[in-house]
Amino acid sequence: MYFSTKNNSLNDNDIMYKDKKVTTVDSIKFLGLTLHNSLSWKKYIEVITPKLSAATFAMRVVQPLLSLDSLKLIYYLHFHSILSYGIIFWGNTPYSNVIFKMQKQIISIMTAI
């Protein structure tokens, strides 16, 4: 994968390995994190948003039936585990605002009486 910036476009240099051309890709999944060639985390945010949305829906469904301790357990199992993975890398990007709004939403669902 070639990495580039907004100002620096990709060159069409052919990289050969064992007499075979290595293909270039725009994004790749590495250790569960989707990396884009411009080092933007937009693709990764797009991948985890549906997962977090499903966890939010599940919390909304079970909220009237369970205690706060049980809701916290569900939050940490289904939402926080996805949210915290790799946050040191993508947490400061402008795209992360969507994720943190979802976190506020699920916490408000948990604490609603």
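What is the extension gain from Val62 to Ser84, computed as 0.36 nm multiplied by their sequence separation minus the C-alpha to C-alpha distance, in nm to one decimal?
Working it through step by step, the gained length comes to 5.7 nm.
The Cα center of the stretch 15-37 and the Cα center of the stretch 50-102 differ in position by 30 Å. Once the Cα atoms are used to define both axes, helix 97-111 deviates from the longest principal axis of the chain by about 20 degrees.
For Lys101, the lysines whose Cα comes closer than 22 Å to its Cα, not counting residues fewer than 8 places off in the same chain, are Lys42, Lys43, Lys51, Lys72.
Tell me the angle of helix 42-62 to the major Cα principal axis of the chain, expressed in degrees between 0 and 90 and rounded to the nearest ten. Helix 42-62 and the main axis of the chain meet at about 20 degrees. Between Leu31 and Leu77, residue separation times 0.36 nm minus the direct Cα-Cα distance comes to 14.6 nm. If the segment from Tyr95 to Asp69 were pulled out straight at 0.36 nm per residue, it would be longer than the present Cα-Cα gap by 6.3 nm.
Spin-label model, Tyr17 to Val47: label points 7 Å out along the Cα-to-beta-carbon direction sit 1.9 nm apart. Computed over the chain, relative contact order equals 24 percent, with contacts defined as Cα pairs under 8 Å that lie 6+ residues apart. Given +1 at the Cβ of Lys and Arg, -1 at the Cβ of Asp and Glu and no other charges, the dipole of the chain around its Cα centre is 140 debye to the nearest 20.
Where a number appears in this text, it was derived from the coordinates with a stated rule and is not lab data. These numbers come from a predicted model, not from an experiment. So basically every Cβ, Gly included, is an ideal-geometry build from the backbone, and we count neighbours across all protein chains shown.
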